[in-house]
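Step one of this worksheet: look at the structure below.
The values are calculated or read from the model by the stated rules, or taken from the named source; none is laboratory data. What you see is a predicted model, and the numbers here were worked out from it, not measured in a lab. FYI the Cβ positions are ideal-geometry reconstructions off the backbone, even for glycines, and counts take in every protein chain you see. What goes into the accessible areas is simple: the full protein's heavy atoms, side chains included, and nothing from ligands, DNA or RNA. Shrake-Rupley method; radii C 1.70, N 1.55, O 1.52, S 1.80 Å.
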Amino acid sequence: MTQELTSPSPAPQAPGTGRGPGWWRDAVIYQVYVRSFADSDGDGIGDLRGARERLPYLKDLGVDAVWLTPFYASPQADGGYDVADYRAVDPLFGTLQDADELIRAAHDLGLRVIVDIVPNHTSDRHPWFQDPELARQRYLFRPGKGESGELPPNDWESVFGGPAWTRTDRGDWYLHLFAPEQPDLNWDNPEVHAEFEAIMRFWLDLGVDGFRVDVAHGMIKAPGLPDIGHGAQAQLIGAQVLPFFDQDGVHAIHRAWRRLLDGYGDARGKQVIGVAEAWAPTAERLALYVRPDELHQAFNFQFLNAPWQSDALRSVIDASLAATASVGAPTTWVLSNHDVVRHTTRLGGSLARARAATLLMLALPGSAYLYQGEELGLPEVTDLPDEVRQDPAFFRGGRATGAVGPGTDTESAPDGAAGGQDGFRDGCRVPLPWSGELPPYGFGPGGSWLPQPADWGGLTVAAQTGDPASTLELYRAALELRRRLPGLGDGPMSWAPAPDGVLAFTRPGLLCTVNTLGHDVGLPAPGTPLLSSAPVTVDDATAQLPGDSCTWWAI
Ligand code: GLC
């Protein structure tokens, strides 16, 4: 399928062009999960036009860029991460023209646009997989074991549960680390490399400012596809190098892409970036993805998975900063995304902790990603009926949330919350509430593909706007201060003395305190409060930090 633009014209330029120090080093990037952001046509599924109409909201929120999850032609076996045509927009989400208009509108507002690229696997409906001859060369087919090849070629398990192999009518087996509808590509084939470079150029020509590389740790498999010999492989993902994840060979691919991105950007006086979704066992191994000649950013999932304890947070922050500094890269913080339990719920079902964790993240040096709805303090939805579930892992008896990485903090999460509802990912993907008292809360003129809770009327954008105590206004204020304080994004950081359970550190222009305990802690006031996730009091030069709070102090 080829979609044409009705009025092709030169790609719009990204705001602020040129190499410079790197816009991405301290950028705050907002993840738009397209199908749940805003629906323009009333089919209950968010779309590109809906996202375009809401861009002024994101501008006003104060983010620098948006990352759009896959909107490409797809049977939607895994929320669009099963791509049948990388150059076409799925009719569910609109047209190529809508994508073009969205990119232009974002640039007109000074927002950059990052799109997903899914290189580890395609949809089984992709023309390559549909053609048996091409499929054999471009995917990973192997004969089975056993007398008549009736057993899978090795013991690898799908991240979504069950064997990572499916047998074809012809009797051989193909590898799919995710759903059977997502066959893994054969990256030993140069045609696969060439195709993905061409796809990147296609979207760069449409004006995008970068790519979020899906499963960036997955494309290369260990030679001979050796058995793992461990029956609970999901537990090992992100905990150790596996024959299918975090193989050293993936770095050659990232180096080639960096050359492409730099070459493309240099020729046009702009910087286009790659951000790795890579689950690596250590901060040091993750840093390999952001060496100067590889991708620009890699999500810091170790921070995401850290428990709400001062020592644990401090050591993960130190390890991350040291590892990325050793390769000259900034750290890329993240607390929520479409694969994990929303951090309000994950951090013990506590909005206070979630607000504090966000202020902590936004005070750290580096870039940060926000997931749509976290600025509203949305909780995970944990009571979705089975008949509305869409996460493919739900149907395969797969593992808990963090479907692509290690499990979440089970200790600080309430029963059942650590892995989403029964461990699946639909509960963080419920469509956003924009306004009104009843579902679909302004999400669109129709319904919403997943039911929204009846009590979200107070959480809508409209309800929170202008209320200084709201989470939305907290995010707005933090992002505004981040812009006003030079050096906060990419400048130095030093720890300051603090009582047990409290973190304190200085950044250019401020000192940040985080009280991870459930009760007030008093300490000498370090300055004047600039912003706090909970009301902080200062009396006779003594500050009372509320339990589970974070405060930015002017020093
Ligand atoms: C990534 C995506 C996730 C998807 C998986 C397979 O981890 O974030 O949603 O299921 O890749 O493509």
Report relative contact order for segment 36-91 in percent, whole number only (criteria: Cα-Cα under 8 Å, sequence separation at least 6). 20 percent
Keeping all protein chains in position, work out how much accessible area TYR475 exposes to a 1.4 Å probe, and write it in Å² to the nearest 10. 10 Å²
Calculate the dipole size of segment 342-384 relative to its Cα centre from +1 charges on Lys and Arg beta carbons and -1 charges on Asp and Glu beta carbons; express the result in debye to the nearest 20. 160 debye
At 24 Å minimum axial length over the Cα atoms and a Kyte-Doolittle cut of -1.0, report the qualifying DSSP H helices in the chain, or say none. 250-268
Quote the charge dipole size of the chain about the Cα centre in Debye, to the nearest 20; the model charges only the Cβ of Lys and Arg (+1) and of Asp and Glu (-1). 1360 debye
Simple spin-label estimate for LEU438/ALA312, 7 Å along Cα→Cβ, in nm, reads 4.3 nm
So what's the back-of-envelope 222 nm ellipticity for the chain, counting only DSSP H runs of four-plus at -39500 (n - 2.57) apiece and dividing by all residues, rounded to 500? -7000 deg cm²/dmol
Over segment 156-208, what is the relative contact order in whole percent, taking alpha-carbon pairs under 8 Å and six or more residues apart? 21 percent
When ligands, DNA and RNA are left out and all protein chains stay put, how many square angstrom of accessible area per residue does segment 151-263 have with a 1.4 Å probe? 33 Å²
Which FRET efficiency value, to the nearest 0.05, do you get for HIS230 and SER494 by plugging their Cβ-Cβ distance into 1/(1 + (r/R0)^6) with R0 = 45 Å? 0.60
Dipole of the chain, positive direction: furthest Cα of GLN452, GLY377, LEU485, with charges on the beta-carbon: LEU485
Check cross-link reach from LYS59 to the aspartates and glutamates: straight Cα distance under 13 Å, and skip same-chain residues fewer than eight apart. ASP108, GLU480
Roughly to the nearest percent, how much of the accessible area of segment 512-555 is carbon and sulfur, given a 1.4 Å probe? 55 percent
Which shape class applies to segment 427-476: rounded if a/c is under 1.5, otherwise prolate when a/b exceeds b/c and oblate if not, where a ≥ b ≥ c are the square roots of the Cα gyration tensor eigenvalues? prolate
Using mean Cβ contacts within 10 Å as the protection proxy, how do 216-224, 427-435, 261-269 order, highest first? 427-435, 216-224, 261-269
